[in-house]
Amino acid sequence: MKLFELILGTEDESGVFAISLVDKPAMESDFIAFKENLVEFKTINEDKRLVTGIVLIPDKPIYRGNGEDGYYVYLSSDTIETASQMYLLQHNHSNATIEHEEEVKGLGLVESWIVEDPKNDKTNALGLSAEKGSWAATTKINNDDVWNNYVKTGKVNGFSIEAMFEQKPTNIEMGLVELLNEFKKNTEI
């Protein structure tokens, strides 16, 4: 299967414009919606209504499409870092949805960072598995309905972005990418 790199376009509409709380964080169509590759978030402070999780993981192949028309996409760590910065610089930190369907108010990103050292990162201290170059974030949830009926009940357990990226074709087939990723994991010191 073909592999495409998602890159930021040159238009103002390119980048991340909202973060959604979802049941199963995966890429969907031209929007990024992590629904199959579960990346859970953790409730880090119930009194303060804070949840922390991984927003994007670099070089993670994500299946798109169905049947014979399927392909994979991924984002580089550089693209993830730039997208995370653009998200904040464009004042999108309060744009939120539930399952990419319902816009909700009373949610806001209060922390955002790129994981530099997974072993010593805050994500590790919280029990989250984060790779170097991942985008991690903490969201404050002041919306009673979202907190009580989605977060506390476990109806949502991860972050997913709503974004527009361009697809850059690669000359790599998926079998080779999986092999290279496995090799990288086994050779890291």
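The numbers here are math on the coordinates, done by the rules we state, and not lab data. Nothing here was measured: the structure is a model prediction, and the numbers come from that model. Neighbour counts are summed over all protein chains in view; Cβ atoms, including those assigned to glycine, are modelled from backbone coordinates with ideal geometry.
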Of the residues SER94, SER84, which is among the hydroxyl-bearing types (Ser, Thr, Tyr), in a loop (DSSP other than H, G, I, E, B) and touching a strand residue (DSSP E or B) at 6+ places or on another chain (Cβ under 6 Å)? SER94
In the list GLU162, GLU131, which residue meets the criterion of being outside any loop (DSSP other than H, G, I, E, B) and not basic (Lys, Arg)? GLU162
Where residues in segment 76-107 are touching a Phe, Trp or Tyr at 6+ places or on another chain (Cβ under 8 Å) and among the aliphatic types (A, V, I, L, M), which of them is surrounded by the fewest Cβ atoms within 10 Å (Cβ to Cβ)? ILE98
Is segment 98-112 home to any residue that is more than 24 Å from TYR150 (Cβ to Cβ) and over 13 Å from the mean Cα position of the chain (by Cα)? no
Being under 12 Å from the mean Cα position of the chain (by Cα) and of a type in the set (D, E, K, R) narrows GLU68, GLU81 down to just GLU81
Kindly indicate the residue of segment 134-159 that is aromatic (Phe, Trp, Tyr) and assigned to a helix (DSSP H, G or I) and also farthest from LEU3 (Cα to Cα) among those meeting that condition. TRP147
